[in-house]
Amino acid sequence: MDSSAKRNDMILSELDARFRTPLMTFFLRRVGNRQDAEDLTQETFVRLLGSSSFETAGEAPGYVFRVAANLLRDRRRRSAVRKQKPFSAYGDELVDYIANRIVEGREPERVLIGREGLAEVGRILDGLEERTRNIFILYRLEGMKQREIAALLGLAVSTVERHCMIALATLAAQFGKGA
């Protein structure tokens, strides 16, 4: 075992003895799952060892919970992105929902026009930048408030507003061409 590996083992032992319980408590309160809390605690240690910000475990207190909070934020972002899907992925499920709930009792021609219009909206949204599309879907289809989306994605509310405006302007421009 070389000196670097020995040093890392010593630092890891010190970090584990000093911070495992507080980190587990920190993560358990936020994720509610012991296994996830354990994984996040280990990942915190791995990131700390990989960091050049400190040389000994004694210098770690300033970084430990900053790293832990960043891990939680990254986890939330990844989770939010995984849950999102392109507009076209909603497919027939969304079209059927709209047809059954909104256009029920309408003439078949109007239903067909509505379905074609919805398919065009889907194509336009799929042409947008991924972040813009996801924000617009969360806002318009999922009914989330812009400040909730901002908190979820770690963005400023003004950034979320800008992405919504871009999506709306793109839709308006595309539908304005046919008029």
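The values are calculated or read from the model by the stated rules, or taken from the named source; none is laboratory data. Source: prediction; values computed, not measured. Please note: Cβ atoms are built from the backbone with ideal geometry, for glycine as well, and neighbour counts cover all protein chains shown.
Remarks
- Matching residues, segment 143-177, being part of a helix (DSSP H, G or I) and touching a residue at least 60 places away in the same chain (Cβ under 8 Å): L152, L153
- Test: residue in segment 50-64 that is acidic (D, E), closer than 30 Å to F136 by Cα, part of a helix (DSSP H, G or I) and modelled with pLDDT under 75: no
- Scanning segment 125-164 for residues that are charged (D, E, K, R) and modelled with pLDDT of 90 or more yields E161, R162.
- The residue list G91, G122, G117, G105 contains one member that is part of a helix (DSSP H, G or I), over 25 Å from the mean Cα position of the chain (by Cα) and at pLDDT below 85, which is G117.
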